[in-house]
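Since the structure comes first, as structure tokens, the remarks are kept for the end.
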Amino acid sequence: MKNYLATLALIVTSSLAGIQASGAESGAAKDAWITAKLEATYALNRHLSAFAIHTETKNGLVHLTGNVESDIDRDLAGELAKGIEGVVDVDNDLTLQAQARQAKSSQSSDRSFGVWVDDATTTAMVKSKLLANPNTKGLDIDVDTRGDVVTLNGEVSSAEEKQLAEELARNTGDVKQVRNQLVVKRAG
């Protein structure tokens, strides 16, 4: 893979030399030259990933986005950008992978192992209560827990059973909210 990147960087650098030699010294062509040279520089650097750093140049201002592994890598990427001829300034918005993972886990369905275990424990406790209660058909009720929120899905035979299932869930452990999406079966 490193040989591929080195070959790619060599091709890009050769093309850039041709662009620069042809007199493309202003505007979009110069910005494209800066971006390509910087991406080639990142591809050749063993500490940075050219695929993880997104580079955009406009009027000599380089904007870096993406993820790096450490503060040192973020600073290195910024300093390398400042060293490219024609760069006026660098807007370094690179984030650390740990921060990106943390933000992603708070937004997505990915949960840490500890949170997953807590959620599974709450789900099991609610399900046990539903199965143990003679007035609820626990096998017909699906329970899902995310954080302190329990979601109930499935079909029940009456509005009273729906309300009872919600109360059983609400009175379990650290449950703060119950999303009761149970549907009452129509008689027929």
If one computes the Cα centroid of segment 42-76 and of segment 117-188, what distance in Å separates the two points? 48 Å
Starting from the Kirkwood Rh over alpha-carbon pairs, what translational D in µm² s⁻¹ does segment 113-184 have by Stokes-Einstein at 37 °C and 0.692 mPa s? 278 µm²/s
So which lysines pass the test for LYS162, namely a Cα distance under 29 Å, with those fewer than 8 places away in the same chain ruled out? LYS127, LYS129, LYS137, LYS176, LYS185
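Taking the Cβ-Cβ separation of ASP71 and LEU44 as r and a Förster radius of 22 Å, what is the calculated FRET efficiency to the nearest 0.05?
Details: r = 22 Å, r/R0 = 0.98.
Efficiency, from the Cβ-Cβ distance: 0.55.
Just so you know, all these numbers are worked out from the coordinates, no wet-lab data involved. Small disclaimer: the values here were computed from a predicted structure and weren't measured. Because the Cβ atoms are built from the backbone with ideal geometry, glycine has one as well, and the counts that use them run over all protein chains shown.
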